[in-house]
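The block underneath contains the structure these notes are about, expressed in structure tokens.
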């Protein structure tokens, strides 16, 4: 790969990271409700999922997924069901009363946002299909080593995503600390978060190859 192709890939990846979608909406809502640390846990979970999709593309698994309507449907419905579960949990979420002025509401100890982000990303088959179409566009076929190039591009994409999502986390956590000081505001945000999850579940469930 040339410096020019890598630069173009980084620029495109940066733009894609800020385009509204399931992953960054999840990050924004969690950071706003629970603070920077919780938001970054969600980011790391999502990006671990991206690593799984990158590996799937480099090994050809994503191509098999694209050819199998049954496998694609199973994965997307599992993902949609998990998002509905997250919606229900967000809807039932209640402030614990420990939030103080100037800080975002703390996450409950039992909540593993890393795992949530990981499962949410892996269970979205559209990510593998997207990588299958996107990553090869920046591969230098004449250079050989297709698998290594795909893995390298995937890792670069993940690094860019961590940086961009980190900025979203910082901004969302700051806003959350200022506007979610009351229990009423926290409850409203949890309901908004539930609606976001329902919308994302519907989007995944209705996607087609």
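Values computed for the structure shown
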read-out: Residue 85 paired with residue 184, simple spin-label distance in nm, labels 7 Å along Cα-to-beta-carbon; value: 3.5
read-out: Linear extension gain, residue 159 paired with residue 73, 0.36 nm per residue minus alpha-carbon span; value: 28.0 nm
read-out: Extension gain from residue 192 to residue 205, taking 0.36 nm per residue of separation minus the Cα-Cα distance; value: 2.7 nm
read-out: Kirkwood-type radius of the range 1-53, with distances r between different C-alpha atoms, in Å; value: 12.4
read-out: Approximate spin-label separation residue 3-residue 19, in nm, with each point projected 7 Å along Cα-to-Cβ; value: 2.8
read-out: Relative intensity, log₁₀ I(q)/I(0), of the range 123-162 from a Debye sum that treats every alpha carbon as a point, q = 0.15, 0.20, 0.32 Å⁻¹; value: -0.37, -0.62, -1.12
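Where a number appears in this text, it was derived from the coordinates with a stated rule and is not lab data. This one's a predicted model, so the numbers in the text were calculated from it and none came from an experiment. Using ideal geometry, Cβ is built from the backbone for each residue, glycine included, and neighbour counts are taken over all protein chains shown.
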